[in-house]
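The values are calculated or read from the model by the stated rules, or taken from the named source; none is laboratory data. Predicted model only: the values in this text are computed from it and were never measured. For neighbour counting, all protein chains shown are included, and Cβ atoms are generated from backbone atoms with ideal geometry for every residue, glycine included.
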Amino acid sequence: MRALVIDDSSTTRMILRRMLGEIGFDDISDATNGQEGLDSLIAGPTPEVVLVDWNMPVMDGYEFVKAVRAKPEYDNTPLMLVTTETELDRIVAALEAGANEYVMKPFTRDVIEEKLALLGLESH
Ligand SMILES: [Mg+2]
């Protein structure tokens, strides 16, 4: 299974890569901001899921979600927002823009696994 992790924090990228590896993803790419993530997505191959941070320089998670959802070829690619933001309006905005799920930082592997299962991505 293939995943793309987009976060400006190298620590968060490392933690997510490790957790996704434990869950069963064997091809994990990462990017440090939404623009880099978008470039990676377009370069392919298309991941089974994209985990994207909210607060990032250059292009934030919200702009990333909107940019991806403007491209019909990624209609079936689940986008999971990983964020510290607790304001309900931000989550609603992200879901309305086309994010499929969200996870609050700090998160555990169990939470990530549970949310992936909701997206139909079962661990091995
Ligand atoms: Mg960030």
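Is it the case that some residue within the range 113-124 is outside any helix (DSSP H, G or I), in contact with a Gly (Cβ under 6 Å, 6 or more places away or on another chain), at pLDDT below 95 and not polar (S, T, N, Q)? Yes, the range 113-124 contains a residue that is outside any helix (DSSP H, G or I), in contact with a Gly (Cβ under 6 Å, 6 or more places away or on another chain), at pLDDT below 95 and not polar (S, T, N, Q). The residue that is nearest to GLU63 (Cα to Cα), counting only those in the range 103-112 that are part of a helix (DSSP H, G or I) and either without any contact (Cβ under 8 Å) to a residue 24 or more places away in the chain or touching a Lys or Arg at 6+ places or on another chain (Cβ under 6 Å) (or both), is VAL111.
Based on what the data block shows, is VAL5 at pLDDT 95 or above and in contact with a Gly (Cβ under 6 Å, 6 or more places away or on another chain)? Here the answer is no, as VAL5 does not meet what is asked. Provide a single number: the residues in the range 55-81 that are within 16 Å of the ligand (Cβ to nearest atom) and of a type in the set (Gly, Ala, Ser). Going through the range 55-81 one residue at a time, the tally reaches 1.
The residues of the range 1-54 that are within 16 Å of the ligand (Cβ to nearest atom), under 16 Å from THR108 (Cα atoms) and in a helix (DSSP H, G or I), listed by number, are THR11, THR12, ARG13, MET14, ILE15, LEU16, ARG17. Within the range 82-102, is even one residue touching a residue at least 60 places away in the same chain (Cβ under 8 Å), within 16 Å of the ligand (Cβ to nearest atom) and crowded, with 19+ Cβ neighbours inside 10 Å? Scanning the range 82-102, I find at least one residue that is touching a residue at least 60 places away in the same chain (Cβ under 8 Å), within 16 Å of the ligand (Cβ to nearest atom) and crowded, with 19+ Cβ neighbours inside 10 Å, so the answer is yes.
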